[in-house]
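Structure first, then comments.
The values are calculated or read from the model by the stated rules, or taken from the named source; none is laboratory data. Since this is a predicted model, take the numbers as computed values, not measurements. Note: accessible area is taken over every heavy atom of the protein model, side chains too, but ligands, DNA and RNA are not part of it. Shrake-Rupley method; radii C 1.70, N 1.55, O 1.52, S 1.80 Å.
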Amino acid sequence: MTISRRGDDVSSALVLSGGGTSGVAWETGLLKGFRDNRVDLTTADLLVGTSAGAIVAAQLAKGHNLDELYAIQCRPPRPPESVRSRNVMTLMQAMAEIKRRSNTSDRQAWMRRSSSSWARRR
């Protein structure tokens, strides 16, 4: 992705590489570190990026605040949804109970009740 801020009159360019989600965090932190030390690379006339670099370049081109982008990257990851882990545990318990059942008709009736109960909890 290439974004020119000044058409053909380009005197500086910022070229950002890939790197997945780590690349977005790394490049954002690097740009903020340079800017905090009076080297603002985000004012380049031309922004070029691939993969993670394209994400960062697009955010800069849209005028997002570098401090806010950095703060987003520094947030701790969200904990796994407790609902999801509860549902997995419930499903595992249901499967264990099915194995313990010996009578086929009882097992099928119990499975219908349990699966509809499990679906309502999601």
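Would you mind working out the accessible area per residue for the range 8-73, using a 1.4 Å probe, and quoting it in Å²? Intermediate values should be presented prior to the final figure.
Details: 3760 Å² over 66 residues.
Ligands and nucleic acids excluded, the result is 57 Å² per residue.
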Amide H contacts under 5 Å for residue 19, restricted to residues at least 5 apart in sequence or on another chain and with H modeled in the peptide plane, are 52, 53
